[in-house]
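Student: Take this structure, written in structure tokens, and hold onto it; I'll ask about it next.
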Amino acid sequence: MSVKAEVVIKNHSGLHARPAALFIQTANKFKADIVVSSGVKQVNAKSIISVLSLGARGGTQVTIEAEGPDAEQAVKDLVFLLATIDEGE
């Protein structure tokens, strides 16, 4: 079963090093295969280099898609993280 959601990145700086690291740590808690996309670029959500390569800045809409046994919870947690992460992170 595939689960997909869209979210706008709240953090003004976007997915720079610290928020990307938190995103990767969260993604790696799940068994599901997870991808994140921005525009036409789609990357492995469990790879720091891949996530940083998206260049996703604050206000960017990204799509998170997961497939696997815990896909629903993975997408839910990652959407929450991107929607609530603040400048202090």
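The values are calculated or read from the model by the stated rules, or taken from the named source; none is laboratory data. All figures in this text were calculated on a predicted structure; none of them were measured in a lab. So basically every Cβ, Gly included, is an ideal-geometry build from the backbone, and we count neighbours across all protein chains shown.
Student: I'm checking my understanding of the structure. Among residues of the stretch 18-38 that are outside any helix (DSSP H, G or I) and hydroxyl-bearing (S, T, Y), which one is farthest from A74 (Cα to Cα)?
Tutor: Only one residue tops the list, namely S38.
Yes/no per residue for (1) modelled with pLDDT under 95; (2) part of a helix (DSSP H, G or I); (3) of a type outside the set (D, E):
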position: G59; (1), (2), (3): yes, no, yes
position: E65; (1), (2), (3): no, no, no
position: K76; (1), (2), (3): no, yes, yes
position: A83; (1), (2), (3): yes, yes, yes
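Student: Follow-up question, since we're still on this one. Count, please, the residues in the stretch 58-76 that happen to be within 13 Å of F23 (Cα to Cα) and surrounded by fewer than 16 Cβ atoms within 10 Å (Cβ to Cβ).
Tutor: Residues that pass the stated criteria total 1.
Student: Just checking, how many residues over the stretch 39-57 are outside any loop (DSSP other than H, G, I, E, B) and crowded, with 20+ Cβ neighbours inside 10 Å?
Tutor: 1
Student: Which one of these does L15 not meet: (1) surrounded by fewer than 18 Cβ atoms within 10 Å (Cβ to Cβ); (2) touching a Ser or Thr at 6+ places or on another chain (Cβ under 9 Å); (3) part of a loop (DSSP other than H, G, I, E, B)?
Tutor: For L15, the failing item is (1).
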